[in-house]
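Undergrad: Once you've had a glance at the structure underneath, I'll fire off some questions.
The values are calculated or read from the model by the stated rules, or taken from the named source; none is laboratory data. Just so it is clear, the structure is predicted and the values come from calculations on it, not from any experiment. When we count neighbours, we look across all protein chains shown, and the Cβ atoms used for this are built from the backbone with ideal geometry, even at glycine.
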Amino acid sequence: MEANKLKSLRRRRRKIGLRKRLYGTPEKPRLSIYRSGKHVYAQVIDDAGGMTVASASSLAGKVEKGGNIDGATAVGKLIAEKAKAAGVESVCFDRNGYRYHGRVKALADAAREGGLKF
């Protein structure tokens with residue numbers, strides 16, 4: 001089996017294990033992140049209502065950096081700002097199968113600094 005295919009299968013298994021425990025409610029939605037090679041994306045999702053409350057990405061015009069730690073920090077601040085504008089104070093963090101370091105940790109720390117509680 002190819003290394004990339006094996007890597008994505010492992011991530012998918014970790015993601016399924018995490019999603020068994022995480023569920024976004026209207027009071028405490030889920031902050032889900034996705035990182036590609038060039039960009040970082042974040043969404044605040046209400047799973048009970050089946051809708052996205054707020055979203056931000058490094059593709060947005062406000063974020064100058066792309067898929068590095070500086071870009072992830074900017075996306076974290078932006079998602080916290082948008083979530084607070086939508087009336088969300090606390091979220092449950094869905095790291096989406098990624099390890100909690102690097103860009104994922106930078107985004108989480110910036111969202112906490114922006115006022116989100118998790």
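Undergrad: Could you grab me the full set of residues in segment 46-74 that are among the hydrophobic types (A, V, I, L, M, F, W, C), surrounded by fewer than 19 Cβ atoms within 10 Å (Cβ to Cβ) and within 14 Å of Glu27 (Cα to Cα)?
TA: Within segment 46-74, Ala48, Met51 meet the criteria.
Undergrad: From Tyr34, Tyr41, grab the single residue that is in contact (Cβ under 8 Å) with a residue 40 or more places away in the chain, among the hydroxyl-bearing types (Ser, Thr, Tyr) and under 27 Å from Ile16 (Cβ atoms).
TA: Tyr34
Undergrad: Among Ile79, Ile33, which is aliphatic (A, V, I, L, M), surrounded by 13 or more Cβ atoms within 10 Å (Cβ to Cβ) and closer than 24 Å to Asn4 by Cα?
TA: Working: Ile79 fails: closer than 24 Å to Asn4 by Cα.
Of the residues listed, the single one that is aliphatic (A, V, I, L, M), surrounded by 13 or more Cβ atoms within 10 Å (Cβ to Cβ) and closer than 24 Å to Asn4 by Cα is Ile33.
Undergrad: Within the group Gly102, Gly50, which residue is without any contact (Cβ under 8 Å) to a residue 12 or more places away in the chain, among the small types (Gly, Ala, Ser), out of contact with any Asp or Glu (no Cβ under 6 Å at 6 or more places or on another chain) and within 24 Å of Gly17 (Cα to Cα)?
TA: Matching residue, one of Gly102, Gly50: Gly50.
Undergrad: Checking the structure you have, find out if any residue of segment 57-73 is without any contact (Cβ under 8 Å) to a residue 24 or more places away in the chain and under 26 Å from Ile16 (Cα atoms).
TA: Yes, because at least one residue in segment 57-73 is without any contact (Cβ under 8 Å) to a residue 24 or more places away in the chain and under 26 Å from Ile16 (Cα atoms).
Undergrad: To continue, here is another question. Please identify the pairs in which a residue from segment 1-19 that is surrounded by 11 or more Cβ atoms within 10 Å (Cβ to Cβ) has its Cβ atom under 7 Å from the Cβ atom of a residue that is part of a helix (DSSP H, G or I) and among the aliphatic types (A, V, I, L, M), counting only partners at least 6 apart or on another chain.
TA: Once the first residue is surrounded by 11 or more Cβ atoms within 10 Å (Cβ to Cβ) and sits in segment 1-19, no partner that is part of a helix (DSSP H, G or I) and among the aliphatic types (A, V, I, L, M) comes close enough.
Undergrad: So is Arg30 of a type in the set (D, E, K, R), within 14 Å of the chain's Cα centre (by Cα), within 16 Å of Val91 (Cα to Cα) and at pLDDT 90 or above or not?
TA: yes
Undergrad: If you go through segment 75-97, how many residues are out of contact with any Gly (no Cβ under 7 Å at 6 or more places or on another chain) and under 13 Å from Leu31 (Cβ atoms)?
TA: Final tally of qualifying residues: 14.
Undergrad: Next question. On the basis of being of a type in the set (S, T, N, Q) and at pLDDT 95 or above, does Ser55 make the cut?
TA: Here the answer is yes, as Ser55 does meet what is asked.
Undergrad: Inside segment 17-118, counting only strands (runs of 3 or more DSSP E) that do not spill past its ends, which hold 1 or more residues that are of a type in the set (S, T, N, Q)?
TA: Qualifying strands (runs of 3 or more DSSP E): 30-35, 40-46, 51-57.
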